[in-house]
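Derivation of every value follows stated rules applied to the coordinates shown; laboratory data play no part. On a predicted model such as this, the values are computed, not experimentally measured, just so you know. Quick reminder, even Gly has a Cβ in these numbers, built from the backbone with ideal geometry, and neighbours come from all protein chains shown.
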Amino acid sequence: MNITLRNSAKAVIVQGDKVLLLQKQHPGNPRFTVFPGGGQEPGETLAEALARECLEEIGAKIRVGDLLFVREYRSWMHEFHNPDRLWHQVEFFFLCELLEPLHPELADNPDPNQKGVIWVEQDALKTQNLYPKVLRGILADRLSQLDKAQNPIYLGGVN
């Protein structure tokens, strides 16, 4: 079995009581939402990778802040598994802020299955088709506690 291992950085961008998410859809499947971000290239720090990915996907510059979560994604253990593409991805979720107005129409390299950029009320995260699923229940609670000193949460291999 040939498995690709990579790091990925994700942006948790909050404005007021809303969180920025990407809407995506794979052919034949319902739409779902994810956090902006993507794979780290050789020689990039996670923060540099995240800044580049946000320009590509949401068309805006960001400031990368504190690390909130670490998640491991092993493709063969999840519902959208493609047996022809096996990868183990370690994802780092950072609290980020926009440094300029959002311009998704200026995104210069959105993901092929990206359908839009949306703001979602924190209270609605639990009902969103959000991945990773585990963040649906804990993200709003974590964001409400940001003024208190916290360590990043290691989520492990979850969907």
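Under the √(5λ) rule applied to the eigenvalues of the Cα gyration tensor, what semi-axes describe the equivalent ellipsoid of segment 84-133? Give them in Å, descending. Mind showing how you got there, number by number?
Values: eigenvalues 93, 69, 38 Å².
Over the Cα atoms of segment 84-133, the ellipsoid semi-axes are 22, 19, 14 Å.
For a test of understanding, tell me how many lysine pairs in the chain have Cα atoms under 26 Å apart, given they are 8 or more places apart or on different chains.
For the chain, the number of qualifying lysine pairs is 21.
How large is ³J(HN,Hα) for each residue in segment 61-70, as worked out from phi by the Karplus curve 6.51 cos²θ - 1.76 cosθ + 1.60 (θ = phi - 60°), to whole Hz, x for Gly and Pro?
Whole-Hz 3J(HN,Hα) from phi for segment 61-70: 7, 10, 10, 8, x, 6, 6, 9, 9, 10.
Using the Kirkwood radius over C-alpha pairs as Rh, can you work out the diffusion coefficient of segment 1-50 via Stokes-Einstein at 10 °C, viscosity 1.306 mPa s, in µm² per second? Please report the intermediate quantities before stating the final value.
Details: Rh = 13.0 Å.
Once the numbers are plugged in, D ends up at 122 µm²/s.
Looking only at trypsin sites (Lys or Arg not before Pro) in DSSP loops with at most 15 other Cβ atoms within 10 Å, what is the longest site-free stretch of the chain?
Working: sites that count: 31, 61, 85, 133, 148.
My reading of the result: 86-132 is the longest stretch.
Give the Rg (one decimal place) followed by the Dmax (whole number) of the chain, computed from C-alpha coordinates and expressed in Å.
Reported Rg and Dmax, both Å: 15.0, 45.
Per DSSP helix of 4 or more residues, -39500 (n - 2.57); summed, then divided by the residues of the chain. What does that give at 222 nm, rounded to the nearest 500?
Working: 2 runs with 24 residues, N = 159.
The helix contribution divided over the chain gives -4500 deg cm²/dmol.
Be a star and scan segment 81-121 for residues whose amide nitrogen sits under 15 Å from the point 7 Å along the Cα-to-Cβ vector of residue 72.
87-92
Simple spin-label model, 7 Å along Cα-to-Cβ: residue 84 to residue 113 in nm?
With each label placed 7 Å out from Cα toward Cβ, I get 1.4 nm.
Which length gain, in nm to one decimal place, applies between residue 126 and residue 7 when the Cα-Cα distance is subtracted from 0.36 nm times their residue separation? Please list the in-between numbers first.
Working: separation 119, 0.36 × 119 = 42.84 nm, distance 2.61 nm.
Separation in residues times 0.36 nm, less the Cα-Cα distance, equals 40.2 nm.
Which of the chymotrypsin sites (Phe, Trp or Tyr not before Pro) across segment 66-129 are loop residues per DSSP, with 11 or fewer other Cβ within 10 Å? Let's see the in-between values first.
Details: sites: 69, 73, 76, 80, 87, 92, 93, 94, 119; in loops: 80.
Those satisfying the criteria are 80.
When DSSP assigns beta bridges and you keep just the ones with both residues in the chain, what percent turn out antiparallel, to the nearest 5?
Working: 25 of 40 bridges.
Percentage antiparallel, nearest 5: 60.
Let me test this: with uniform point scatterers at the alpha carbons of segment 1-93, what is the Debye-based log₁₀ I(q)/I(0) at q = 0.11, 0.16 1/Å?
After summing over all Cα pairs, the log10 values are -0.35, -0.74.
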